[in-house]
Amino acid sequence: MATDWGSLLQNEKQLEELVRQAVDRALAEGVLLRTSQEPSSSDVVSYAPFTLFPSLVPSALLEQAYAVQMDFNLLVDAVSQNTSFLEETLASTIKKDQFTAHLFDIHKQVLKEGIAQTVFLGLNRSDYMFQHNADGSPTLKQIEINTISASFGGLTSRTPAVHRHVLSVLNKNKEATRILSNNPSKGLALGIAKAWELYGSANALVLLIAQEKERNIFDQRAIENDLLARNIHVIRRRFEDVSEKGYLDSKCRLFMDGQEISVVYFRDGYMPSQYSEQNWKARLLLERSCAVKCPDIATQLAGTKKVQQELSREGVLERLLPGQPEAVARLRATFAGLYSLDMGEEGDRAIAKALTAPGRFVLKPQREGGGNNLYGEEMVQVLEQLKDSEERASYILMEKIEPKPFSNYLLRPGSPAQVVQCISELGIFGVYVRDGQRYVMNKHVGHLLRTKAIEHADGGVAAGVAVLDNPYPV
């Protein structure tokens, strides 16, 4: 089986023709982003960057990532319900990280008033890299779990057709059939639909909290369209709209423009820059309602880096998932080395380790959205500045994962196709719905493979670094 795809190309002319075919197929399939020039009007679009060929992924690691996703769903939900665990874990972080502190304040206020919602919905994505071991074997290591606005489920549902097309053009029809079918947007919509149904009001709408300038709108529309096919209507509003026109009735039901809302799906609200004073008030209003929030504020806190680091401590998984030793073993097998930077001996040791061997670690703040992590010289500078300050507690230290690079062509609008050395990151989408204490859904619903050139340490597709890809199982 030919797996060095580049060797199938005879010359530059054939490459150019193949790129044209691939790009046209991506446009035809709807693998689209709004252009950065006109992100607020949808008539100026380009294709979302992608690889010319699918990238090889060991079947065993793909299967392992799928098998552990339901455990991660249960773990995130267990953390979100464990108030004392969240409070203890985030105590040092919220002293110095204003954003996490603000989220935590809302969490405390809602707990004090009593949580109005009874149905809980999680749409997560757990991201991994393949650690290249000394003996040459790859292992699956988790980078992070995204509990808010886990994106690209829509666009990645449309990329398998593109790579099948590319391989078919090269007369590799048997290989084309090996590219896995993948439809996360349908699975994510299924979770929202189940929450909508359990809320129990046939005329209620789904409210999607959107950014005003959203380049990745077609990714979101895929989920909206799947819901509409089930006769569930979605309205898109900004936080500002919620503070102007949203209100709660005496039963804590949420109304927007006079219409009842059953589910609030956040595609905004994961970064400090997305909140003004008005937006924080809107977020509190949404949290106080009985509408199903995806995520509710506790689940967003469960996705912080500090929680991820704490989960890797001995005995913590056992405490959160009692009587589930198999799940604990599956989860622990994916953990990379994670270290606390809290004030004290343990944090001092971690900093000393990182300063001695900076190439082996990455410094992570409590942020989502890609492009926030610090490496190498930059990490050393920040640690030198912070080592005697309590502010260091707003970061965690993680062992740097070293995947084995491979060759592929990265296709971007306006750039020539060149073969580069790449690494990939695999994401698995998970969906769970809990009604009171009863799980009515817990499943994995698809994958996302993103590939980037090795010179880029950090950043995803939306950040303009990684490109969309498909796993070719080997």
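One decimal place: the segment Arg313-Ala329 gains 4.4 nm when fully extended, by the rule 0.36 nm per residue minus the C-alpha distance.
In the stretch 300-331, whose amide N lies under 17 Å from the spot 7 Å out along Cα-to-Cβ of Lys95? List them in ranges. The answer is 306-307. Note: relative contact order over the stretch 340-400, using C-alpha pairs below 8 Å and six or more positions apart, is 46 percent. Of interest is the spacing of the C-alpha centroids, which for the stretch 53-97 and the stretch 341-358 amounts to 24 Å.
Local charge for Asn203 was computed over the other residues whose Cβ lies under 14 Å away, with Lys and Arg +1 and Asp and Glu -1, and equals -2.
Our estimate of slack between Asn173 and Glu17, defined as 0.36 nm per intervening residue step minus the Cα-Cα distance, is 54.3 nm. Multiplying the residue separation of Ala229 and Ser7 by 0.36 nm and subtracting their alpha-carbon distance yields 75.6 nm.
Largest first, the extents of the alpha carbon coordinates of the stretch 340-400 on the three principal axes equal 31, 21, 18 Å. Round to a whole angstrom and tell me the spacing of the C-alpha centers of the stretch 395-416 and the stretch 223-295. After rounding, the separation between the Cα centres reads 35 Å.
In order along the stretch 156-164, the phi-based Karplus estimate (6.51 cos²θ - 1.76 cosθ + 1.60, θ = phi - 60°) of 3J(HN,Hα) comes to 5, 5, 9, 7, x, 4, 5, 6, 4 Hz; Gly and Pro are listed as x.
Starting from the amide H of Phe50, placed 1.01 Å from N in the peptide plane, find each other amide H under 5 Å away whose residue is 5 or more places distant or on another chain. Those qualifying (amide H under 5 Å, at least 5 residues apart or on another chain) are Leu411, Leu468. Neighbours of Thr100 by Cβ distance under 11 Å: Lys/Arg scored +1, Asp/Glu scored -1, total +3.
Counting only Cβ charges, +1 for Lys and Arg and -1 for Asp and Glu, the dipole size of the chain around its Cα centre is about 940 debye.
With R₀ set to 41 Å, the beta-carbon distance separating Asp24 from Tyr247 gives a calculated FRET efficiency near 0.30.
Asp388 to Glu88: FRET efficiency via 1/(1 + (r/R0)^6), r the Cβ-Cβ distance, R0 25 Å, to the nearest 0.05? Once rounded, the FRET efficiency stands at 0.55.
Determine which residues of the stretch 297-314 fall in the zone a paramagnetic label at Lys108 would reach in this model, i.e. backbone nitrogen under 16 Å from the point 7 Å along Cα→Cβ. Taking a point 7 Å out along Cα→Cβ of Lys108, the residues of the stretch 297-314 whose backbone N falls under 16 Å are 298, 301. 3J(HN,Hα) along the stretch 238-245, derived from phi through the Karplus expression 6.51 cos²θ - 1.76 cosθ + 1.60 where θ = phi - 60°, amounts to 8, 3, 4, 5, 5, 5, 7, 10 Hz, with x in place of Gly and Pro.
One entry in (1) 1.14; (2) 0.97; (3) 1.02 is Cα Rg over 2.2 N^0.38 Å calculated from the shown coordinates; its label is (2).
Contact order for the chain, expressed relative to its length and based on alpha carbon pairs under 8 Å spaced 6+ residues apart, stands at 25 percent. Straight-line reach from Lys96: taking Cα to Cα under 18 Å and skipping same-chain neighbours fewer than 8 places apart, the aspartates and glutamates in range are Glu87, Glu88, Asp105, Glu310, Asp342, Asp348, Glu368, Glu384, Asp388, Glu390, Glu391. In straight-distance terms, cross-link reach from Lys452 covers every one of the lysines whose alpha-carbon lies under 21 Å from its own, apart from those fewer than eight places away in the same chain; here that gives Lys141, Lys364, Lys400, Lys404. By the rule of a C-alpha distance below 28 Å, with chain neighbours fewer than 8 residues away ignored, the lysines paired with Lys245 are Lys108, Lys112, Lys194, Lys213, Lys281, Lys293.
Highest mean packing first, where packing is the average number of other Cβ atoms within 10 Å per residue, the peptides 188-200, 298-310 line up as 298-310, 188-200. Taken along the Cα-to-beta-carbon direction at a fixed 7 Å, the label points for Asn372 and Val44 span 3.0 nm.
A short reminder: the numbers here are calculations on the coordinates, not readings from a lab. Just so it is clear, the model here is predicted, and its values are computed rather than measured. Cβ coordinates were reconstructed from backbone atoms using ideal geometry, including for glycine residues, and neighbour counts include every protein chain displayed.
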